[in-house]
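Below: one structure, written as structure tokens.
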Amino acid sequence: MIVKVGAAVIAAILVISMLIVGGVSGAISALLGGGGRPSATALADIPADYLALYRAAAGVCPGLDWSILAAIGKVETDHGRSTLPGVHSGENVAGAAGVMQFLAPTFASVTSRHTIPPGGRTPPSRYDPHDAIHAAAFYLCDSGARDGTDLYRAVFTYNRADWYVRKVFDQAAIYSQAASDAAGACAASHSAGDLAVAPAAVVAVTFACGELGEPYVWGGDGPAEGGWDCSGLTKAAYAAAGIKLERVAQDQYDMGPLVPAGSPLQAGDLVYYGTSTANITHVGIAISPTHMVNAPEPGTTVRIDKIGRPLAATRPASGRSRG
């Protein structure tokens with residue numbers, strides 16, 4: 001582990017030097033919402049006609065990556081292959097229907113506001129893949145996906161459950177070839193907007209970036225235990241920088257210091273989620289004002305996620321005593 005941390009610190013220094021010379025806009029755009037090419041998994045799993053529809057439909061919403069549409073199609077109906085009620089006829093118990101599982105009023109609202117491009121049915125139908133996938137793109141765009149304004153909110157609006165959003169983002173990462181370059185882009189992005197970030201934050205973020213792809217394990221403190229949970233990763237990241245944090249997310253929040261409400265997030269800030277600041281249940285480490293390294297839940301791996309709307313944030317690298 002010491003060798004790994006030492007290499008990470010050296011890499012961070014090299015990254016900062018490269019940033020000063022030339023910047024990393026290409027790497028960041030590839031990671032944070034560019035049009036990634038389909039991965040081998042996507043090509044093997046998504047029917048060719050559906051893949052073409054996802055990629056074409058994403059074009060109606062600037063900033064929406066096709067992989068998000070494809071991930072929703074996978075989660076909802078396995079790209080139309082599901083035989084459950086409501087996929088090809090009728091409705092499920094919630095009233096949803098079609099390959100993208102629209103409620104009738106929602107579909108009608110979307111198609112009244114937007115013109116579905118030619119290629120489907122007249123009038124548009126929830127059961128037609130062309131119509132449903134384009135309607136999903138318009139709906140996501142109206143809900144926050146345009147120009148990447150709030151992709152988390154957009155997917156949450158599609159199905160109001162945090163687990164659903166995480167599942168969609170996981171699947172999108174699998175489908176997008178850009179995810180293969182995530183570790184390098186992660187290591188670069190923490191300094192893209194703020195070269196004055198505290199050195200301890202640089203080390204912490206670089207450590208976290210080095211753990212991308214490691215499995216989530218509840219209570220996990222690293223590869224020796226099979227993987228990480230959220231607060232185990234943030235604790236270890238700051239330990240690499242010589243800063244001691246408590247083990248669980250609530251205690252890390254209680255340690256502070258708080259980032260003032262409304263202040264831009266910086267790389268290395270810890271972002272918190274839960275029902276209230278007295279019931280913190282999750283923590284991630286910011287790599288930019290909009291994205292974080294995150295160990296989300298069982299069945300996932302350490303990955304880069306949108307920060308979305310955290311309850312609060314702390315800045316351990318600011319004024320923290322070393323342990």
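The values are calculated or read from the model by the stated rules, or taken from the named source; none is laboratory data. Just so it is clear, the structure is predicted and the values come from calculations on it, not from any experiment. Glycine gets a Cβ as well: all are built from the backbone with ideal geometry, and neighbour counts include every protein chain shown. SASA here: full protein model, heavy atoms, side chains in, ligands and nucleic acids out. Shrake-Rupley method; radii C 1.70, N 1.55, O 1.52, S 1.80 Å.
Test Val60 against the stated conditions and say whether it is touching a Pro at 6+ places or on another chain (Cβ under 8 Å) and open to solvent by less than 50 Å² (accessible area, probe 1.4 Å).
Values: touching a Pro at 6+ places or on another chain (Cβ under 8 Å): yes; open to solvent by less than 50 Å² (accessible area, probe 1.4 Å): yes.
The answer is yes for Val60.
Looking at this structure, is Tyr253 open to solvent by less than 20 Å² (accessible area, probe 1.4 Å) and part of a helix (DSSP H, G or I)?
Details: open to solvent by less than 20 Å² (accessible area, probe 1.4 Å): no; part of a helix (DSSP H, G or I): yes.
Against the criterion (open to solvent by less than 20 Å² (accessible area, probe 1.4 Å) and part of a helix (DSSP H, G or I)), Tyr253 does not qualify.
Of all residues in the stretch 146-164 being open to solvent by 50 Å² or more (accessible area, probe 1.4 Å) and assigned to a helix (DSSP H, G or I), which is farthest from Val75 (Cα to Cα)?
Asp147
For the stretch 213-237, give me the residue count where each residue is open to solvent by 40 Å² or more (accessible area, probe 1.4 Å) and assigned to a loop (DSSP other than H, G, I, E, B). I'd like the intermediate steps shown before the answer.
The initial filter retains those residues of the stretch 213-237 that are open to solvent by 40 Å² or more (accessible area, probe 1.4 Å), namely 213-215, 217-218, 221, 223-225, 235.
The next check asks that each one be assigned to a loop (DSSP other than H, G, I, E, B); those that pass are 213-214, 217-218.
Of the residues in that region, 4 qualify.
So, of the residues in the stretch 102-124 that are surrounded by fewer than 19 Cβ atoms within 10 Å (Cβ to Cβ) and of a type in the set (S, T, N, Q), which turns out to be nearest to the chain's Cα centre (by Cα)?
Thr106
Residues in the stretch 286-293: is at least one within 16 Å of the chain's Cα centre (by Cα) and open to solvent by 30 Å² or more (accessible area, probe 1.4 Å)? I'd like the intermediate steps shown before the answer.
In the first step, residues of the stretch 286-293 are kept if they are within 16 Å of the chain's Cα centre (by Cα); the result is 286-293.
This time we only want the ones that are open to solvent by 30 Å² or more (accessible area, probe 1.4 Å), so: 289-290.
Taking every residue of the stretch 286-293 in turn, at least one turns out to be within 16 Å of the chain's Cα centre (by Cα) and open to solvent by 30 Å² or more (accessible area, probe 1.4 Å).
Give me a count of the residues in the stretch 306-323 that are of a type in the set (Lys, Arg) and not in a strand (DSSP E or B).
Going through the stretch 306-323, the residues of a type in the set (Lys, Arg) turn out to be 306, 309, 315, 320, 322.
Narrowing further to those that are not in a strand (DSSP E or B): 309, 315, 320.
Counting residues in the stretch 306-323 that are of a type in the set (Lys, Arg) and not in a strand (DSSP E or B) gives 3.
Report, by residue number, each residue of the stretch 125-145 that is assigned to a helix (DSSP H, G or I), within 24 Å of Pro85 (Cα to Cα) and either among the charged types (D, E, K, R) or open to solvent by 20 Å² or more (accessible area, probe 1.4 Å) (or both).
Scanning the stretch 125-145 gives Pro129, His130, Asp131, Tyr139.
Any residue at all in the stretch 65-77 that's free of Cβ contacts under 8 Å to residues at least 24 places away in the same chain and not in a strand (DSSP E or B)? Outline the logic, then answer.
To start, the set of residues in the stretch 65-77 that are free of Cβ contacts under 8 Å to residues at least 24 places away in the same chain comprises none.
Scanning the stretch 65-77, I find no residue that is free of Cβ contacts under 8 Å to residues at least 24 places away in the same chain and not in a strand (DSSP E or B), so the answer is no.
Could you say which residue among Ala52, Ala7, Ala42 is surrounded by 17 or more Cβ atoms within 10 Å (Cβ to Cβ) and either of a type outside the set (A, V, I, L, M, F, W, C) or at pLDDT below 95 (or both)? Explain how you work it out, then say what you get.
Details: Ala52 fails: surrounded by 17 or more Cβ atoms within 10 Å (Cβ to Cβ); Ala7 fails: surrounded by 17 or more Cβ atoms within 10 Å (Cβ to Cβ).
Checking each option against the conditions leaves just Ala42.
Please enumerate the residues belonging to the stretch 270-305 that are within 18 Å of Pro316 (Cβ to Cβ), in a loop (DSSP other than H, G, I, E, B) and in contact (Cβ under 8 Å) with a residue 60 or more places away in the chain.
Selection gives Ile287, Ser288, Pro289, Ala295.
How many of the residues in the stretch 69-98 are open to solvent by 10 Å² or more (accessible area, probe 1.4 Å), at negative phi and out of contact with any strand residue (DSSP E or B) (no Cβ under 7 Å at 6 or more places or on another chain)?
13
Among the residues of the stretch 216-223, is there at least one that is within 18 Å of the chain's Cα centre (by Cα) and at pLDDT 90 or above? If you could, list the steps in order and put the result at the bottom.
Pass one, the stretch 216-223, residues within 18 Å of the chain's Cα centre (by Cα): 216.
Still in the running and at pLDDT 90 or above: 216.
Yes, the stretch 216-223 contains at least one residue that is within 18 Å of the chain's Cα centre (by Cα) and at pLDDT 90 or above.
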